[in-house]
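The structure under discussion appears below in the form of structure tokens.
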Amino acid sequence: MKKLIAFMGLALLVSCGSSNEKKKGFEYNRTQKEEKKAISSDSSEVPVDLENKGIGPVKSLTFDEAIDTALASKGENAFNQKCTACHMTNKKLIGPAMTGVFDRRSPEWVINFLLNPTEMLKQDPIAKALLKQYNNVMMLNQNLSEEEARAITEYLRTL
């Protein structure tokens, strides 16, 4: 009798839900993943914009022809301490790769974003597009001084 009850219980568990329901559930899950993938791939590249100076205290920044190696060294140290949790130099991580950033953004935009990420993410169209492209992961304000931000920008020039 116990064997019969156990067998019937097992048969009931195995037969719960028809194979069509399971397939529908699988198809539903697959569709959700496909939709997420489509949304991700729909987020087109953020356009190059070298005219946008961003929102912040720096209105003009012109680089010298030669890289200031002492300043770049300080910037590399600051970058390694404050930025590498989210940024790599040559590939995307949580945020964009930093190599070639000045081919895509003006020096003023970069330094203003370092100094003022919260306002930039709220108001600047490029920053908002980047936020969307990187799954709404906001860059944290590192409370950099203008000196530190300038050193980081000099380091980014070396990449």
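Structure notes:
- Residue in the range 93-106 that is crowded, with 16+ Cβ neighbours inside 10 Å and hydroxyl-bearing (Ser, Thr, Tyr) present: yes
- Within the range 108-159, tally of residues that are within 17 Å of the chain's Cα centre (by Cα), surrounded by fewer than 20 Cβ atoms within 10 Å (Cβ to Cβ) and part of a loop (DSSP other than H, G, I, E, B): 8
Since every read-out is calculated from the coordinates, none of them should be taken as a lab result. Just so it is clear, the structure is predicted and the values come from calculations on it, not from any experiment. Neighbour counts are summed over all protein chains in view; Cβ atoms, including those assigned to glycine, are modelled from backbone coordinates with ideal geometry.
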